1. With respect to the numbered conditions (1) among the hydrophobic types (A, V, I, L, M, F, W, C); (2) touching a helix residue (DSSP H, G or I) at 6+ places or on another chain (Cβ under 8 Å); (3) surrounded by fewer than 15 Cβ atoms within 10 Å (Cβ to Cβ), which one is the sole condition not fulfilled by F110?
2. Of these, V117, V130, V100, which one is touching a Pro at 6+ places or on another chain (Cβ under 7 Å), at negative phi and of a type in the set (A, V, I, L, M)?
3. Name the residue that is farthest from the chain's Cα centre (by Cα), counting only residues in the stretch 37-64 that are farther than 24 Å from G124 by Cβ and assigned to a loop (DSSP other than H, G, I, E, B).
4. Of the residues W42, W91, which is at negative phi, surrounded by 15 or more Cβ atoms within 10 Å (Cβ to Cβ), at pLDDT 90 or above and of a type in the set (F, W, Y)?
5. Check whether at least one residue in the stretch 72-79 is modelled with pLDDT of 95 or more and farther than 19 Å from Q132 by Cβ, and report yes or no.
6. Is there any pair linking a residue in the stretch 126-139 that is at pLDDT 70 or above and surrounded by 14 or more Cβ atoms within 10 Å (Cβ to Cβ) to one that is of a type in the set (D, E, K, R) and in a strand (DSSP E or B), with Cβ under 6 Å and at least six apart or on different chains, and which?
Amino acid sequence: MKLVDLASATVGATLLTALVFTAPQAGADPVRGACTGGTITWNGNGGNIDLGGDITGCSGHGPITAARLRGKMTSGNCATTSGQNDMYLDWSDGQTSHLVGTYATPPNGFSDNTLPVVDGLGAGQKVHVVAQYNFTNPSTWGFCFGTPNSGTAQVLGASFVS
């Protein structure tokens, strides 16, 4: 074998080894599971809304039975309250899912949204959330006009989707 051929073979083997060890790992199995209840609380002021609450009745993914919601929404439209959400679901098994995306709640209070999971448990998947907000009292819309207020919503369902 010539010196040039040996050098080419060595470089080729080194590149092949680098590709093998830096190739992306196969993705984790998708998270399967759903939750059937809970209560979300929100506090708004001037279009910024703090979110919190408990998601309950969870099953389908190991020991997870519940989650604690925490996050913020920046509201941009009061006809249909929609805005950018940045939320975390802290699961009962110690894992966390970070969700970021647009969330809309029409004046009737019934919301049906799907948010991408950008990090943590279920990253690359989405979480579909259905909730009923207590918008029957017009004073709950004060956050649109810069006045502080708060309210609750009943979680009707939350599930991981691909």
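The values are calculated or read from the model by the stated rules, or taken from the named source; none is laboratory data. Please read these numbers as outputs of a predicted model, since none were measured by experiment. Cβ sites come from the backbone with ideal geometry, for glycine too, and all protein chains shown count toward neighbours.
1. Among (1) among the hydrophobic types (A, V, I, L, M, F, W, C); (2) touching a helix residue (DSSP H, G or I) at 6+ places or on another chain (Cβ under 8 Å); (3) surrounded by fewer than 15 Cβ atoms within 10 Å (Cβ to Cβ), F110 violates only (2).
2. That would be V100, the only listed residue that is touching a Pro at 6+ places or on another chain (Cβ under 7 Å), at negative phi and of a type in the set (A, V, I, L, M).
3. Restricting to residues being farther than 24 Å from G124 by Cβ and assigned to a loop (DSSP other than H, G, I, E, B), the top hit is G46.
4. Criteria check complete, one pass: W91.
5. no
6. V130/D112
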